[in-house]
Amino acid sequence: MQRKQKSETGNGCTMAVRDSALELRTRMARLMSIVEIAPRRRLPMAGTKAVEDPKKEATDQNYDYMFKLLIIGNSSVGKTSFLFRYADDSFTSAFVSTVGIDFKVKTVFRNDKRVKLQIWDTAGQERYRTITTAYYRGAMGFILMYDITNEESFNSVQDWITQIKTYSSDNAQVILVGNKCDMAEERVISEKRGIQLAEQLEVQFFETSAKENINIKAVFEQLVDIICDKMSESLDIDPSLIAGGGGQMMGHTLTDQPTNPVNTNCNC
């Protein structure tokens with residue numbers, strides 16, 4: 001604690017010391033106010049995603065259409081690897097089975113239009129079926145996947161088609177995908193069988209490999225093109241489907257999904 005200077009000096013030292021203390025307290029108060037008012041920049045915790053730049057977030061809202069797509073199929077057919085290869089151009093064999101559901105967003109340009117893709121990666125296990133089917137509503141496209149090295153996953157395709165017909169809209173588009181075509185020595189489902197099934201279901205067919213990056217982009221491009229063509233046909237019949245003149249298909253927005261979605265690290 002500072003000692004008071006003797007006032008006998010006649011030079012006002014006592015008052016000067018008190019003024020200095022008051023000035024210090026005032027400065028501290030101002031600093032505290034600044035700390036409380038200024039937005040805090042927090043570093044992301046381990047395992048969490050950094051907060052996006054507001055400017056970038058605003059830019060991401062500039063799109064003509066947004067399509068909600070789902071990747072479905074039995075567990076371990078490679079859905080997550082497929083999505084990561086397309087969205088991030090990355091591949092790892094360290095994935096484990098998906099718990100719940102997760103999604104990635106990617107923007108593409110098709111026919112001079114900016115199309116925002118909201119791509120949902122779903123768990124294949126039966127115990128998560130109630131969660132995943134809740135996300136079928138509003139989906140405009142499905143990538144139905146089986147593993148060419150797994151007979152059971154191929155035999156389950158018809159069950160997944162039934163799920164689509166039950167829980168999604170009538171105009172949802174489907175592409176059948178036989179994944180892991182790089183594993184030729186372990187193949188049990190021939191390409192011919194895949195083509196025949198696709199013809200039976202009246203959908204298009206691709207064989208793909210997330211590991212070797214075979215036909216990944218082609219699948220998404222084809223699905224987007226099909227949706228755009230169907231959407232154009234619908235708009236020719238009923239132009240009121242465009243909401244508010246903003247170029248967004250009515251009923252297909254970011255809010256067209258269950259509230260409080262399960263957002264987990266998606267690995268299948």
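Is there a residue being under 20 Å from the mean Cα position of the chain (by Cα) and not in a strand (DSSP E or B) anywhere in segment 143-161? Explain how you work it out, then say what you get.
Initial filter on segment 143-161 (under 20 Å from the mean Cα position of the chain (by Cα)): 143-145.
Now narrow it down to the ones that are not in a strand (DSSP E or B): none.
No, every residue in segment 143-161 fails to be under 20 Å from the mean Cα position of the chain (by Cα) and not in a strand (DSSP E or B).
Can you tell me which residue within segment 210-223, out of those that are among the hydrophobic types (A, V, I, L, M, F, W, C) and more than 14 Å from L176 (Cα to Cα), is farthest from the chain's Cα centre (by Cα)?
If we filter segment 210-223 for residues that are among the hydrophobic types (A, V, I, L, M, F, W, C), which is where we start, we get 210, 214, 216, 218-220, 223.
When the remaining residues are screened for being more than 14 Å from L176 (Cα to Cα), the result is 210, 214.
Details: A210: 18, I214: 22 Å.
Within segment 210-223, the match that is farthest from the chain's Cα centre (by Cα) is I214.
Within segment 167-204, track down each residue that is farther than 16 Å from N155 by Cα, over 29 Å from the mean Cα position of the chain (by Cα) and touching a residue at least 24 places away in the same chain (Cβ under 8 Å).
E186
Only one of these is of a type outside the set (V, I, T) and either crowded, with 18+ Cβ neighbours inside 10 Å or at pLDDT below 95 (or both): S168, S190. Name it. Walk me through it before giving the result.
On the way: S190 fails: either crowded, with 18+ Cβ neighbours inside 10 Å or at pLDDT below 95 (or both).
From the options S168, S190, the qualifying one is S168.
Take the residues in segment 235-251 that are surrounded by 13 or more Cβ atoms within 10 Å (Cβ to Cβ) and assigned to a helix (DSSP H, G or I), then tell me which one is modelled with the highest pLDDT.
Going through the qualifying residues, I end up with L235.
The values are calculated or read from the model by the stated rules, or taken from the named source; none is laboratory data. Note that the structure is predicted; figures quoted are calculated from it, not measured. Positions of Cβ are generated from backbone atoms using ideal geometry, with glycine treated the same way; all protein chains shown enter the neighbour counts.
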